[in-house]
1. So which of Ala198, Ala173 is closer than 30 Å to Ala83 by Cβ, free of Cβ contacts under 8 Å to residues at least 40 places away in the same chain and among the small types (Gly, Ala, Ser)?
2. Just checking, does region 150-157 include any residue being part of a loop (DSSP other than H, G, I, E, B), in contact with a Gly (Cβ under 8 Å, 6 or more places away or on another chain) and not basic (Lys, Arg)?
3. Would you check if Ser101 is in contact with a helix residue (DSSP H, G or I) (Cβ under 7 Å, 6 or more places away or on another chain) and either polar (S, T, N, Q) or under 25 Å from Ile205 (Cβ atoms) (or both)?
4. Residues in region 152-159: is at least one over 12 Å from the mean Cα position of the chain (by Cα), basic (Lys, Arg) and modelled with pLDDT of 95 or more?
5. Taking region 114-127, which residues are in a helix (DSSP H, G or I) and either within 24 Å of Tyr208 (Cα to Cα) or in contact with a helix residue (DSSP H, G or I) (Cβ under 7 Å, 6 or more places away or on another chain) (or both)?
6. Going through region 172-222 one residue at a time, which ones are polar (S, T, N, Q) and within 20 Å of Val236 (Cα to Cα)?
7. Surrounded by 12 or more Cβ atoms within 10 Å (Cβ to Cβ) and under 16 Å from Phe108 (Cα atoms): is that true of Arg239 in this structure?
8. With respect to the numbered conditions (1) without any contact (Cβ under 8 Å) to a residue 12 or more places away in the chain; (2) touching a Pro at 6+ places or on another chain (Cβ under 8 Å), which one is the sole condition not fulfilled by Ala57?
Amino acid sequence: MKRLLILGATGSLGRHVLQQAVAAGHQVSVIVRNPAKLPPDLRSRITVHPVDLGTVAIGALADLVRGHEALINCAGLVTEGRAFVELVDRVVSSVESLAPSERPICWFMAGAAVLDIGQTGRRGVELPKVRDTYWPHRKNFERLNTSPIDWRLLCPGPMVDQAALGIDRLRIAADQLPVAVPSFAGKLPSPLLLLLFASKVPQMIVPYADAAALMLAHLAPRDAMSRHRVGLALPVGMRGKKDTWAAKPRSAS
């Protein structure tokens with residue numbers, strides 16, 4: 001059991017993290033802007049801090065973080081641009097302000113575009129069109145890389161509100177796309193590498209429930225996922241859609 005702090009517990013991913021964390025017996029606290037959005041059956045089982053992460057002072061946030069062994073940040077959206085970057089910086093800064101012995105392990109969220117594309121030395125977020133929307137993920141990763149805290153950055157593709165497959169069935173990779181990338185990819189010009197990257201995305205559409213389960217399964221300090229970007233993909237031969245997923249022949253992947 002961990003003393004766990006969840007940020008953004010009323011969002012699409014956060015509510016899965018919250019439900020699974022309570023079910024697992026963790027001692028859960030949450031920071032949410034609107035507590036009324038929390039599931040009524042869980043409110044009496046958790047500690048609720050009604051705080052706006054977009055405006056809270058770093059010192060005040062650090063006081064809320066203190067005493068927890070793990071922090072999972074599900075707050076913020078990449079489409080919020082600079083506001084999302086500032087939110088993540090505020091969270092990181094609050095943890096950094098604590099004494100090293102008081103700092104929790106921290107999970108943050110990004111996307112598959114921050115992962116290395118095989119051995120090409122490039123990332124999706126560097127490619128045309130992708131960088132225009134997903135640049136905040138790059139900035140947040142750069143911020144974490146300069147920090148001494150024990151962070152992990154979950155980098156799934158699009159997530160869907162569907163039944164969990166189970167993390168033992170998923171392909172999981174550190175720092176690279178969790179899907180096969182052909183050896184010739186490094187020689188492709190950016191427009192063609194973009195098409196290759198886009199063709200891999202359906203394999204990385206995973207349920208929110210599995211993303212939540214992966215983070216909750218790795219809350220130990222300095223474990224194998226510490227200070228890594230973590231990618232998730234469906235089992236080989238399976239491709240997803242935003243509204244459904246289904247198995248297809250391996251030749252289609």
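The values are calculated or read from the model by the stated rules, or taken from the named source; none is laboratory data. Computed from a predicted model, the values in this text were never measured in an experiment. With ideal geometry, Cβ positions are generated from the backbone for all residues, glycine too; neighbour counts draw on all protein chains shown.
1. None of the other options fit; the residue is Ala198.
2. Yes - at least one qualifying residue is present in region 150-157.
3. On the way: in contact with a helix residue (DSSP H, G or I) (Cβ under 7 Å, 6 or more places away or on another chain): no; either polar (S, T, N, Q) or under 25 Å from Ile205 (Cβ atoms) (or both): yes.
It is false that Ser101 is in contact with a helix residue (DSSP H, G or I) (Cβ under 7 Å, 6 or more places away or on another chain) and either polar (S, T, N, Q) or under 25 Å from Ile205 (Cβ atoms) (or both).
4. no
5. Across region 114-127, the qualifying residues are Val114, Gly124, Val125.
6. Hits for region 172-222 are Gln176, Ser183, Ser199, Gln203.
7. The answer is no for Arg239.
8. It fails just one condition, (2).
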